[in-house]
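No lab work stands behind these numbers, since they all come straight from the coordinates. Treat the numbers as computed from the prediction; the structure is a model and nothing was measured. Cβ: placed from backbone, ideal geometry, glycine included. Neighbour counts: every protein chain shown.
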Amino acid sequence: MIVCDPNGSIFRKFHVAPGGVLKYLHPAGAIAAIQSIVRGFRHGRFEGQETQLPAAFVVNPMKIITYAYYGKHIGDVRAPATLSKELNSALS
């Protein structure tokens, strides 16, 4: 399950800090933004904290975190294949 958190309550609960301007303007994030624009995506309405760093967690059925990743900059997002592998492992 993917959970969006526009009010930041989950980010706070899992101690996912927002980044500063340098982490927000990181070259990898800028490249990802340009690639998205070229593909026809546009930034929608601003929600939550724009400088929020990404994070990913996999929680097994017993509510135990089996995988946690805290992004180091705005473009540091785990690949879907990585998350799928971790999710499958947690459910095994």
Between the DSSP loop rule and a limit of at most 12 other Cβ atoms within 10 Å, which chymotrypsin sites (Phe, Trp or Tyr not before Pro) in region 38-71 are left? Phe41, Phe46
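Please identify every one of the chymotrypsin sites (Phe, Trp or Tyr not before Pro) in region 2-31 that sits in a loop by DSSP and has no more than 15 other beta carbons within 10 Å of its own beta carbon. Write out the running numbers ahead of the final one.
Working: sites: Phe11, Phe14, Tyr24; in loops: Phe14.
Qualifying residues, ordered by number: Phe14.
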What 222 nm value per residue comes from the helices of the chain, counting each DSSP H run with n ≥ 4 as -39,500 (n - 2.57) and dividing by all residues, nearest 500 deg cm²/dmol? -10000 deg cm²/dmol
Lysine pair count for the chain [Cα-Cα under 23 Å; pairs on different chains or 8 or more apart]: 6
For Gly75, residues with placed amide H under 5 Å, excluding near neighbours: Gly29
Which residue fluctuates most in the GNM of the chain (Cα springs below 10 Å): Pro27, Pro80, Pro54? Pro80
Do you know the relative contact order of the chain, to the nearest whole percent, from alpha carbon pairs under 8 angstrom that are 6+ apart? 31
Of the listed values (i) 5.7; (ii) 7.6; (iii) 6.5, identify the label whose number matches mean projected area of the Cα convex hull in nm² calculated from this model. (iii)
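Near Pro18, within a Cβ-to-Cβ distance under 14 Å, what is the net charge of the other residues, with Lys and Arg +1 and Asp and Glu -1?
On the way: positive: Arg12, Lys23, Lys72; negative: Asp5, Glu47, Glu50, Asp76.
Surrounding charge for Pro18 is -1.
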Apply the Karplus parameterisation 6.51 cos²θ - 1.76 cosθ + 1.60, with θ equal to phi minus 60°, to every residue of region 78-83 and state each ³J(HN,Hα) to the nearest whole Hz, in sequence, with x for glycine and proline. 5, 5, x, 5, 5, 5
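With a cap of 13 neighbouring Cβ atoms within 10 Å, and only residues DSSP puts in a loop, list the GluC sites (Glu not before Pro) found in region 14-92.
Numbers: sites: Glu47, Glu50, Glu86; in loops: Glu47, Glu50.
Sparse-neighbourhood loop GluC sites (Glu not before Pro): Glu47, Glu50.
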Report the longest stretch of the chain that contains none of the trypsin sites (Lys or Arg not before Pro) sitting in a DSSP loop with at most 11 other Cβ atoms within 10 Å. 1-38
Got a sec to turn the phi values of region 18-33 into Karplus ³J(HN,Hα) couplings, 6.51 cos²θ - 1.76 cosθ + 1.60 with θ = phi - 60°, whole Hz, x for Gly and Pro? x, x, x, 4, 5, 6, 6, 9, 4, x, 5, x, 5, 4, 4, 5
